[in-house]
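Worksheet: the structure to be examined is printed underneath.
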There are 4 protein chains.
Amino acid sequence: MMRQARVHRLATKAPDDVSALRQAIEAGHIDPRGIVAILGKTEGNGCVNDFTRAFAVSALRSALADHLEPESVSRIAYVMSGGTEGALSPHLVVLERGTAEPSSSPALAIGSAQTGDITPEAIGRLDQVEMVADGVRRAMADAGIANPADIHFVQIKCPLLTGERMAEADRRGASIATRDTLKSMGLSRGASALGVAVALGELSIEDIPEAAIGNRFDLFSARASTSAGVELLNHEIVVLGMSANWCGPLMIDHAVMADGIDIEPVRAALKRVGFVADGQLSEAERPRLAALLAKAEPSSSGSLRGARHTMLDDSDIAATRHARAFVGGVLASLVGTSEIFVSGGAEHQGPNGGGPVAIIAERKEGVFA
Amino acid sequence: MMRQARVHRLATKAPDDVSALRQAIEAGHIDPRGIVAILGKTEGNGCVNDFTRAFAVSALRSALADHLEPESVSRIAYVMSGGTEGALSPHLVVLERGTAEPSSSPALAIGSAQTGDITPEAIGRLDQVEMVADGVRRAMADAGIANPADIHFVQIKCPLLTGERMAEADRRGASIATRDTLKSMGLSRGASALGVAVALGELSIEDIPEAAIGNRFDLFSARASTSAGVELLNHEIVVLGMSANWCGPLMIDHAVMADGIDIEPVRAALKRVGFVADGQLSEAERPRLAALLAKAEPSSSGSLRGARHTMLDDSDIAATRHARAFVGGVLASLVGTSEIFVSGGAEHQGPNGGGPVAIIAERKEGVFA
Amino acid sequence: MMRQARVHRLATKAPDDVSALRQAIEAGHIDPRGIVAILGKTEGNGCVNDFTRAFAVSALRSALADHLEPESVSRIAYVMSGGTEGALSPHLVVLERGTAEPSSSPALAIGSAQTGDITPEAIGRLDQVEMVADGVRRAMADAGIANPADIHFVQIKCPLLTGERMAEADRRGASIATRDTLKSMGLSRGASALGVAVALGELSIEDIPEAAIGNRFDLFSARASTSAGVELLNHEIVVLGMSANWCGPLMIDHAVMADGIDIEPVRAALKRVGFVADGQLSEAERPRLAALLAKAEPSSSGSLRGARHTMLDDSDIAATRHARAFVGGVLASLVGTSEIFVSGGAEHQGPNGGGPVAIIAERKEGVFA
Amino acid sequence: MMRQARVHRLATKAPDDVSALRQAIEAGHIDPRGIVAILGKTEGNGCVNDFTRAFAVSALRSALADHLEPESVSRIAYVMSGGTEGALSPHLVVLERGTAEPSSSPALAIGSAQTGDITPEAIGRLDQVEMVADGVRRAMADAGIANPADIHFVQIKCPLLTGERMAEADRRGASIATRDTLKSMGLSRGASALGVAVALGELSIEDIPEAAIGNRFDLFSARASTSAGVELLNHEIVVLGMSANWCGPLMIDHAVMADGIDIEPVRAALKRVGFVADGQLSEAERPRLAALLAKAEPSSSGSLRGARHTMLDDSDIAATRHARAFVGGVLASLVGTSEIFVSGGAEHQGPNGGGPVAIIAERKEGVFA
């Protein structure tokens, strides 16, 4: 028997809708004991006061508690990303590990790890970079992948600063990186992404001055996707890659968009995993798409290919919401469905204004990564 | 000498930025006497309390007053569409008419007309449909186009109901179609679009029950683009088509998106006007794109190809803003620039959830519409 | 032994924070078996996509399930009102019934009832008015109050229309009152309030034409407070009044604000329950305030005492959010705390632009209602 | 003849509505040559992308250009403050200077000054504090007030950082205080307020470390009101005080609210200028109120008198908008009108979470400041 990764995409009707998950478990399509991580797009604003993420996690934990021991429920990484702007569709992506008779290989491999709780004053600083890098290495070990080149996506859920956490640090006389809650999300995402870059050998920790976090966007990981949430104090890490030790029909590949409309690298990646991708995926091809995972952000320059954008100057709608909606349209039009995982805030995740895109697909006969 | 249409796309730095227009006039690239209409994307929310549109119009009028008599300034149709969500870029599209030595023909033709002021109680009702249909016919006559099939785009700016206008109708005992200002924008856009459909022969006025306005979205024009603004009480109408009586390098064609990610009809239209359009327009091709004009809206079904969207249930961000951002991404990724005119609120403009797209391009050698 | 009502005001740190409730139960301050209703202010937008209400209810149910049988948990009315705009502070108001040695009387009395599920097409219509009136009468009977004049506040949680519920009605060919989700909240609140007016004899059902719902704001209840939420399909009703059959330290009285800054009726009510209320309640007086429950809304005229307001024309912030923040300031400055229950959307609850205010206070020696 | 200050409060129907100003000038109630400053509340969000302020200024300048030479139009300080949240009502406050036969004295005195343009890198830093302090001293000299104790209000309009201004500083290698446009508004307001404190002797420049700007809110002016806008690059300063060299019916006094519901100091100030102020100003008293000018802001502690508020954690509505709506309600309920000038962002203007309030009123017989 070999290890096998399975990916289930489940539509939700509300942040706490776990009916599709329950059905999949009851029908035997998902073995809850094998669930490593659940990624989800929820309906909130994806910013500080987005409680849909915690609500979803609460519902997921409650549903899984009917099938698993408490410690097994807690071992799963719940990576809810708020914000289904534009036509982005709320859904869950369940990542499951099991075993199967040896078949097509190499195949998708999944690993996970968690860090310990982080102090408010470490958020957005080198301490966070190192804490995450260590966690990524442990997640790779968990997946049985030794070569960083075989990793195509690292999803991290990281914490943020709230008024209360700032006050707690103040009481201890600890200096925090920012007093702006929304900004703290960006710093935490950025430091986490740089942690991925360090773990994957894209950057060396010596290359990253502390002041570069949230500033020097030429420093980035091409495979990190990080998401900040008010509901946790540590980091939940999931790595996705290809491994000859795993088998099954699923493959993964990735692309890096240089800016918000840079579709050619994504089309190339779609082709590498066997799609025609001449224009939009055809109706016949679409079922083979297991999941699309991407990051989006506005370029800090305030323009896209020389054309001014207004995302950073908008005080009514957070810039991350604009970017998710826009890049959501770009990517949905390529794959023909808006049930894709586009997460905002791509600081140090891909180049400034661009972002990484991972594609998980069922193998077409004869296509290997 | 023959009639010739010219189209100028000018970036703006703020709603009242007319510096590029002034420069183009001073450099002789634009003859202000020939300006028929100025379309603009401005930074506001595109909804009721969007004052960026009026601010832009005020600045444009003031700039043009340095070159034109007051009545000439007022004769121009100012069609500002608020909302540059996502990476959409604020800009102006100046439509100019002049004469030239006969050259390539048929070519882009431009006509315009205005209706009289509409009463609050007529907004969103059959009276508005007929008022607009009559205006479109006059604009076609102005363009010298007799065959409705030669019309590819009709842009209309229409009024809306505000608290004050409602109160005024109340005082007269007149019954208005809605008490919701945001909803009144949709009704006004919808009735105007149905007016286009009637004028172009896509629908007969007998086919349109009054109750269908804002409800029966199977009734639509494939070539209407309507935009509501607080700053006017009448309708400003511009028709764009192809005519053998006009000459010059510009062509126009149109597509109808069946939903928000229906890119194939747009790619086909891009090819018809001579672009390669295999993936994104190349850097070399892009300068030939004079303008892209489109409408976007969320499907009233609440889903896109079966995937639930949340645009209609979002009380923080208006649905039109979501749709502009998303479809803005879809279309920008096709043409390689975010300086495109995507306007929200496509009621009765293209099918439910989809919308019309017009492409104005410089002719490639040998390509005729 | 006599019946006795108890009111507990508990601060929350998040929508799902039930720690103060747990502590109060564990310390014996609250007997969960006596809880009739829990009112709560949560951090959401108070509009259609406010999931903080359901999240709060989910957490409350889960916490109470540790102490009560499932049917007892479900019998409690959970009336979460989203929106803590301005400095309004998230908190819970737990209404409990018990028995005690006969003491001060008359005293606060509490009754509750629930209706059956309502169909989408009945929302905002006379059917809803009658359904609610019937429910209020049953809640009065539950409180043992026969005379409607002894009722000072009726709190109702009612459902709304979502995209899905509309589609469901469409499939059955049923005609719904509106296609606008946000508007459906107002219609449901309004019809519910008129149901209260009918039950309390403030209006006769014959006086209410169906078209008056959401339009004729001269028809109203002075004691209704209704709140719409996506998380329920029926109505949860709680009545609060004074009764000689109940004893204890708590009293209730109410005032009706004629507009958003009409503070004199509130000051008079504060005085009736024994406060000095010359300016703001003093620090010494404040602990006697058990709860302040109020409704706020923008006047549909678009002005307040002749001064134009912009709440109804704002497409960035819902009018109900503006009104809660503003009236929250008005009332908080009277009582000296922002931990007050101000709920938005006061359609048919008090006069147009105004709203009812109930004050529950510990009796000062010698003060009787 | 003596100097005399006049204050005109004019309702507006839109940001560019200057009809009331035109009428007042034509009726001879306002002599445009005497206008020193025009304060205005406009309908925008009061944050970075609020173009209603510039639109209002554009309309005011245009209207005044019919009566004044260009340099006179430019000499006037236009202090538009965006944000009419809650029921706050858009209006203008025109401050005019003239001469009159000697009458009641001391009386309201008005002075003004402008600074030169500030560089992006000086915003939010000590350079800005000193630049503003110098400007305030010149405005006092302009008013003929030597004793800082006679100054009751200093209104300043200051610039902010936009994406473009940041990029400009970047090109020069200059380091800016923040990359967050919204945050830059707070830093600019704060540094300007500290400049007032220095000029009025409330603080010494030596007491203000650069790092205190935007952080040490125990350092503040009790009489500063500063407002940031995208439309200017320098500072416009207006001082209001009492002077024996001025005569006329108007008086000014001020109060400092310690927090957002601290009404007693305001009631005391209302009494000092002759109002009964027992509860709300009566209808008979209200016409004597010429203007109320105030600042509002959320406390950085995240709570108000121990009750948690959510303003700082809200990513949908800017904290300044929440605070204006809430404090707008507090103050409108005292004076009985919502046509009051409540401006957001009170960094270093009054204590943390509180703010200064100035009251300009017609003298009641026998009342002197």
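Since every read-out is calculated from the coordinates, none of them should be taken as a lab result. Being a predicted model, the structure only gives us computed values, none of them experimental. Quick reminder, even Gly has a Cβ in these numbers, built from the backbone with ideal geometry, and neighbours come from all protein chains shown.
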Per-residue HN-Hα couplings for the range A:204-212 [Karplus 6.51, -1.76, 1.60; θ = phi - 60°; Hz; x = Gly/Pro]: 9, 4, 5, 7, 10, x, 4, 5, 6
Sorted by Cβ neighbour density within 10 Å, fewest at the top, the residues C:Cys247, C:Cys158: C:Cys247, C:Cys158
Set of lysines near D:Lys364 by C-alpha distance (under 18 Å), chain-local residues within fewer than 8 positions excluded: D:Lys271
Pairwise label distance in nanometres, C:Glu210 with C:Ala65, each label 7 Å out on the Cα-Cβ vector: 4.0
Long-range HN-HN contacts of D:Ala11 with modeled amide H, under 5 Å: D:Leu92
Alpha-carbon centroid distance for the pair the range C:246-275 / the range B:74-145, whole angstrom: 58
Listed residue (B:Ser299, B:Ser282, B:Thr320) projecting farthest to the positive dipole end of the range B:250-362, Cβ model: B:Ser282
Per-residue Cβ neighbour rank within 10 angstrom, fewest leading, D:Met166, A:Met2: A:Met2, D:Met166
Copies compared at B:Asn147 - label distances in nm, ascending, label defined 7 Å from Cα in the Cβ direction: 6.3, 8.5, 8.9
Cleavage-rule hits, trypsin sites (Lys or Arg not before Pro), the range D:1-91, DSSP coil, Cβ neighbours within 10 Å at most 15: D:Lys13
Nitroxide proxy distance, nm - points 7 Å out along Cα→Cβ at D:His29 and C:Asn147: 5.2
Cα-centre dipole for the range A:103-248 with unit charges at Cβ (Lys and Arg positive, Asp and Glu negative), debye to 20: 220
The range B:1-79: equivalent-ellipsoid semi-axes (sqrt of 5 x gyration tensor eigenvalues, Cα, Å): 22, 13, 13
Cut-off 14 Å between beta-carbons: net charge of the residues surrounding C:Ala167, Lys and Arg +1, Asp and Glu -1: +1
Inter-site label distance for D:Val276 and A:Ser282 at 7 Å from Cα along Cβ, in nm: 8.4
Dipole of chain C [Lys/Arg +1, Asp/Glu -1 at C-beta], most positive-end residue of C:Ala20, C:Pro356, C:Ser104: C:Ser104
Whole-Hz couplings from phi, Karplus 6.51/-1.76/1.60, listed for the range A:262-277; x for Gly and Pro: 7, 7, 4, x, 6, 4, 5, 5, 4, 5, 4, 8, x, 7, 5, 6
Amide proton proximity set for D:Leu304, modelled H, under 5 Å, gap of 5+: D:His309
Computed [θ] at 222 nm, helices only, for the protein assembly as shown once each DSSP H run of length n ≥ 4 contributes -39500 (n - 2.57): -8500 deg cm²/dmol
Residue-count net charge about B:Gly98 - beta-carbon cut-off 9 Å; Lys, Arg +1, Asp, Glu -1: +2
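Scaled to the compact-protein estimate 2.2 N^0.38 Å, what is the alpha-carbon radius of gyration of the protein assembly as shown, rounded to two decimal places?
0.90
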Label 7 Å beyond Cα on the Cβ vector: D:Ser105 copy-to-copy distances, nm: 7.4, 8.1, 10.1
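For chain C, what mean projected area does the convex hull of the alpha carbons give, in nm²?
Across all orientations, chain C yields a mean hull projection of 17.4 nm².
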Euclidean distance between Cα centres, the range B:314-352 to the range D:7-73, Å: 36
Kirkwood-based shape ratio for the range D:47-190, expressed as Rg/Rh from alpha carbons: 1.00
Closest approach to the B/C rotation axis among chain B Cβ atoms, residue and whole-Å value: B:Asp180, 3
For chain D, size of Cβ-based charge dipole, Lys and Arg +1, Asp and Glu -1, in debye: 440
Cα-centre dipole for the range C:250-362 with unit charges at Cβ (Lys and Arg positive, Asp and Glu negative), debye to 20: 140
Residue exposure sequence - A:His67, D:His254, D:His348 - by fewest surrounding Cβ within 10 Å: A:His67, D:His254, D:His348
For D:Ser72, inter-copy label distances in nm, listed shortest first [label point 7 Å out on the Cα-Cβ vector]: 3.2, 8.2, 8.6
Karplus-derived HN-Hα couplings along the range D:300-306 (A = 6.51, B = -1.76, C = 1.60, θ = phi - 60°), whole Hz, x at Gly and Pro: 6, 6, x, 8, 10, 6, x
